[in-house]
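**Student:** Please find one structure pasted underneath; my questions will follow.
Readers should treat all values here as calculations from the given coordinates under stated rules, not as data from a laboratory. Note that the coordinates shown come from a computational prediction; the quantities given were computed from them, not determined experimentally. Cβ sites come from the backbone with ideal geometry, for glycine too, and all protein chains shown count toward neighbours.
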Amino acid sequence: AVPRKLSADAGYFSAKNVHWLESVGVEPYLATGRQKHGDAPPKVRGRPPAGLTPKERMARKLATTRGKEVYRMRKAIVEPVFGQIKEARGIRALLRRGLNAAREEWALICATHNLLKLFRATAGQ
């Protein structure tokens, strides 16, 4: 199944990724970079002007109320898992080399994370 919306941090932003996601029917919410301290986000009023780059369009989209809402969900859905894996389990780097090996290791890490959550949720029953 393909998600209808996708949010990701700035490491995943590129014009190519935005175009591809839109072409397969996924609405992207990709961070475009860090906001400098003290800089206000762009004001969003009315329709976007013609000729914006994909990065400018995405920054504008994320500055909308809806964009902020969708991107904010990452804090509750995705980010805690990375924190738990990195901090509680002490996994800071993958040990295996090569893309396939790294994917396999990451799949194992995620599977054990989910098994631990399931175990803890049912341990007292």
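**Student:** May I ask you to evaluate 6.51 cos²θ - 1.76 cosθ + 1.60, the Karplus curve with θ = phi - 60°, for each residue of the range 39-45 and list the ³J(HN,Hα) values in order in whole Hz, giving x for glycine and proline?
**Tutor:** Values, residue by residue: 7, 7, x, x, 7, 10, 9 Hz.
**Student:** On to the next question. Only Lys, Arg, Asp and Glu count, each charged at its Cβ (+1, +1, -1, -1), so figure out the dipole size of the range 61-117 about its Cα centre, rounded to 20 debye.
**Tutor:** Dipole magnitude for the range 61-117 comes out near 220 debye.
**Student:** Points 7 angstrom from Cα along the Cβ direction at A123 and H37: gap in nanometres?
**Tutor:** Spacing of the two 7 Å Cα→Cβ label points: 4.0 nm.
**Student:** Taking +1 at the Cβ of each Lys and Arg and -1 at the Cβ of each Asp and Glu, which of A123, P3, A93 sits farthest along the dipole of the chain towards its positive end, judged by Cα position relative to the Cα centre?
**Tutor:** Towards the positive end, the residue furthest out is P3.
**Student:** Kindly state, as a whole number, the per residue volume in cubic angstrom of the convex hull around the alpha carbon atoms of the range 5-77.
**Tutor:** In the range 5-77, the Cα convex hull volume per residue is 106 Å³.
**Student:** Continuing with this model, one more query. Calculate, axis by axis, the spread of Cα positions in the chain along the three principal axes, and write the results as whole Å, longest axis first.
**Tutor:** Principal-axis extents of the chain (Cα, largest first): 55, 35, 33 Å.
**Student:** Okay, moving on. Choose one of C110, S23, H37: the residue whose Cα lies farthest towards the positive end of the charge dipole of the chain (beta-carbon charges +1 Lys, Arg; -1 Asp, Glu; about the Cα centre).
**Tutor:** With unit charges placed on the Cβ atoms, the residue in question is H37.
**Student:** Hey, what do the phi angles of the range 71-79 turn into as Karplus ³J(HN,Hα) couplings, whole Hz, using 6.51/-1.76/1.60 and θ = phi - 60°, x for Gly and Pro?
**Tutor:** Calculated HN-Hα couplings, in order: 5, 5, 4, 4, 4, 9, 9, 9, 4 Hz.
**Student:** Between their Cα atoms, which of K16/K55; K16/K86; K5/K68 are more than 21 Å away from each other?
**Tutor:** K16/K86
**Student:** Same structure again: Residues with amide H under 5 Å of S7's amide H, sequence separation 5 or more or different chain, H placed in the peptide plane at 1.01 Å from N; which?
**Tutor:** Answer set, sorted by chain and number: Y29.
**Student:** Moving to a separate point now. Leaving out same-chain residues fewer than 8 places away, which aspartates and glutamates sit with a Cα under 18 Å from that of K36?
**Tutor:** D9, E56
**Student:** Between the range 61-125 and the range 10-30, how far is it from one alpha carbon centroid to the other, in angstrom?
**Tutor:** Each part's Cα centre sits 21 Å from the other's.
**Student:** While we're on this one: Using a Förster distance of 22 Å, how high is the FRET efficiency between E87 and A111, based on the Cβ-Cβ distance and rounded to 0.05?
**Tutor:** Efficiency, from the Cβ-Cβ distance: 0.70.
**Student:** Sticking with this structure for a sec: What is the magnitude of the charge dipole of the chain about its Cα centre, with +1 placed on the Cβ of each Lys and Arg, -1 on the Cβ of each Asp and Glu, and no other charges, expressed in debye to the nearest 20?
**Tutor:** Computed about the Cα centre, the dipole is about 340 debye.
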